[in-house]
């Protein structure tokens, strides 16, 4: 039995589902402000504005962030902090001394755990959990009312990229994000950033999401995402965007690359996905997607010019790698090469009416739909002359039909085990998110031999 691939099944508008369960008023992400420009000071007495310790110098995270100078360090001791925090000053580093025991807890009552609107600021070595929107949000949207309901409520406002230029410079390192209603770590209208060495589980939308940036100049690397509706998601995020050496296993869908025809900066294009393990994304004990996507390693909807290479894509019950059109955006000029795609319901699927330059090469003895896909000895070169392949006569690829099991509440996904700490967290000098992402070498990320072989720290 097979079913047709459509946007409804694979690229649901997750905000629709959440609007049925999360009141719009609870999705407000908090007000922002402006901080003065400062520099990191060497040393200084305890309690100075260059270093503010919680709770020794300030009783709450927000009071510490308000007290620290731009370019300073907020160093947080173990504890459960039941508050939402907004970092609006530039180049602030918010760091926990122990990743698994410095916890920002939303108690299933507050929207976002930590919202960063200050250019070059950093969140590292702590845990965010139990929020009704995102655990950590990096964004250039500084209008509180316009952020109300974004990706979650019926009164959705498309991004005004002129009024709200992207946040310039951000970093999330060694962050644990679990059981948040939408996203674990969310970069929206933000560029020149890094998301690395982090763990995300139990999110209803995605563990890690990068949305609405062009050029993104962003790298997502060495992260571990599991037990989410979608492990990693990219929406209208394009140009110099890299997803490298991540493990997305035991989600409902491992990775989505999505063009949204209702939002700014579409279509999504120009992402490089290399050296990742996207395996066994068939987790019944995960939050349910709005329209039931399940059993897919990579679902790319309406993307253009994306490159997927040297990825391990196995054990996904419906499809391994799937390229599909979405309304208004055909999938075109994408390259799928030198991956190991095997043991999926259908390994490679081109769910579109015209090949439009999509290329599949060096992916082993993969099962495909249609039976003949655009191939070449090396993608990027003109295709060899071929007789009619029948591709145009079979307008839509088909995958194995998999009934998505009922999901669990994001509140009920089991807590993860402790994750590795940032080295020398209590004493390391702060490193603001300036000049990121630095030199990126996708070619250094080899094909993983197994999901367990992908280093996440």
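The values are calculated or read from the model by the stated rules, or taken from the named source; none is laboratory data. Only a predicted model underlies this, so the values are computations on that prediction, with no experimental measurement involved. Neighbour counts are summed over all protein chains in view; Cβ atoms, including those assigned to glycine, are modelled from backbone coordinates with ideal geometry.
What the table shows:
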| quantity | calculated |
| --- | --- |
| Test: residue in the stretch 301-314 that is over 20 Å from the mean Cα position of the chain (by Cα) and at pLDDT 95 or above | yes |
| Sole residue being assigned to a strand (DSSP E or B) and under 11 Å from the mean Cα position of the chain (by Cα), chosen from 233, 192 | 233 |
| Scan of the stretch 415-457 for residues that are under 24 Å from residue 182 (Cα atoms) and free of Cβ contacts under 8 Å to residues at least 60 places away in the same chain, ordered by number | 417 |
| Residue that is assigned to a loop (DSSP other than H, G, I, E, B), out of contact with any helix residue (DSSP H, G or I) (no Cβ under 7 Å at 6 or more places or on another chain) and at pLDDT below 95, where the choices are 290, 264 | 264 |
| Selected residue [in contact (Cβ under 8 Å) with a residue 40 or more places away in the chain, under 25 Å from residue 360 (Cα atoms) and not in a strand (DSSP E or B)] from 228, 281 | 281 |
| Condition broken by residue 417, with the remaining ones in (1) surrounded by 12 or more Cβ atoms within 10 Å (Cβ to Cβ); (2) at pLDDT 90 or above satisfied | (1) |
| Members of the stretch 269-278 that are part of a loop (DSSP other than H, G, I, E, B) and under 14 Å from the mean Cα position of the chain (by Cα) | 276 |
| Meets criteria (under 18 Å from residue 208 (Cβ atoms) and either at pLDDT 95 or above or assigned to a helix (DSSP H, G or I) (or both)) for residue 65 | no |
| Residue 150 vs. criteria in contact with a helix residue (DSSP H, G or I) (Cβ under 9 Å, 6 or more places away or on another chain) and modelled with pLDDT under 95 | yes |
